[in-house]
1. Kindly evaluate residue 24 against the criterion of being open to solvent by less than 50 Å² (accessible area, probe 1.4 Å) and over 21 Å from the mean Cα position of the chain (by Cα).
2. Keeping to region 100-131, report how many residues are more than 13 Å from the chain's Cα centre (by Cα) and in contact (Cβ under 8 Å) with a residue 40 or more places away in the chain.
3. Could you list, in sequence order, the residues of region 52-104 that are among the β-branched types (Val, Ile, Thr), open to solvent by less than 60 Å² (accessible area, probe 1.4 Å) and either over 24 Å from residue 129 (Cα atoms) or at pLDDT 95 or above (or both)?
4. Go through 67, 22 for me and flag whichever is of a type outside the set (A, V, I, L, M) and in contact (Cβ under 8 Å) with a residue 60 or more places away in the chain.
5. Taking into account only those residues within region 132-143 that are more than 18 Å from residue 81 (Cβ to Cβ) and within 12 Å of the chain's Cα centre (by Cα), which is least open to solvent (accessible area, probe 1.4 Å)?
6. Looking only at region 2-12, decide whether some residue is under 26 Å from residue 99 (Cβ atoms), open to solvent by less than 100 Å² (accessible area, probe 1.4 Å) and in contact with a strand residue (DSSP E or B) (Cβ under 7 Å, 6 or more places away or on another chain).
7. Can you pull out every residue in region 1-35 that is small (Gly, Ala, Ser) and either in contact with a Pro (Cβ under 6 Å, 6 or more places away or on another chain) or closer than 17 Å to residue 85 by Cα (or both)?
8. Can you name the residue in region 88-99 that is of a type outside the set (Asp, Glu) and touching a residue at least 40 places away in the same chain (Cβ under 8 Å) and is also nearest to residue 39 (Cα to Cα) among such residues?
Amino acid sequence: PMTTAPAMVVEDGRFNGQRTSYWTNVGEEATLKITRSLSIRAVSREQPDSKPNERVVVEDKTYSKFYLKGELTMSNHRKQPIKMYVRHMIRGVIGEIDGDPKTLAREENLEDVNRVYEVTWTVTLNPGEERKLTYKNSVLVYR
């Protein structure tokens, strides 16, 4: 087991970030989100897709179904390759998605018509490389 404690990330004797690590049982995986790395850039953008919106009725309630497209862009400004775990939350129904990410459905409110998915890609970026990951999804919005 791992107990709650501060965690510090150091590379070549230089401080890179810190976070609190929380209790983890034997055999469980612990992931720490470390403060922003200055040599890695990451941008997330989501916008309407070109598909027209639709009206959907769920249990006597009328919703608008919006089609969205998302793009995650990351670039490596280091002099060595890096391995990144890109974690992103996607709400609604995932239509298309780049790569072969792990997708985990999160339990939300029982009244919520849109499921929430935690999507995790494992990406290796060479020095100076930029990579884009895209996805398309649809969400229901109560009107």
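The values are calculated or read from the model by the stated rules, or taken from the named source; none is laboratory data. Predicted model only: the values in this text are computed from it and were never measured. Here the Cβ is made from the backbone with ideal geometry for all residues, glycine too, and neighbour counts use every protein chain on show. The protein model used for the area step is the full one, side chains on, heavy atoms only, and it has no ligands, DNA or RNA in it. Shrake-Rupley method; radii C 1.70, N 1.55, O 1.52, S 1.80 Å.
1. Considered against the rule, which asks whether it is open to solvent by less than 50 Å² (accessible area, probe 1.4 Å) and over 21 Å from the mean Cα position of the chain (by Cα), residue 24 comes out as yes.
2. 9
3. Residues satisfying the conditions are 56, 58, 62, 73, 90, 94, 97.
4. Of 67, 22, the one residue that is of a type outside the set (A, V, I, L, M) and in contact (Cβ under 8 Å) with a residue 60 or more places away in the chain is 67.
5. 135
6. Among the residues of region 2-12, at least one is under 26 Å from residue 99 (Cβ atoms), open to solvent by less than 100 Å² (accessible area, probe 1.4 Å) and in contact with a strand residue (DSSP E or B) (Cβ under 7 Å, 6 or more places away or on another chain), which makes the answer yes.
7. 17, 30
8. It comes out as 88.
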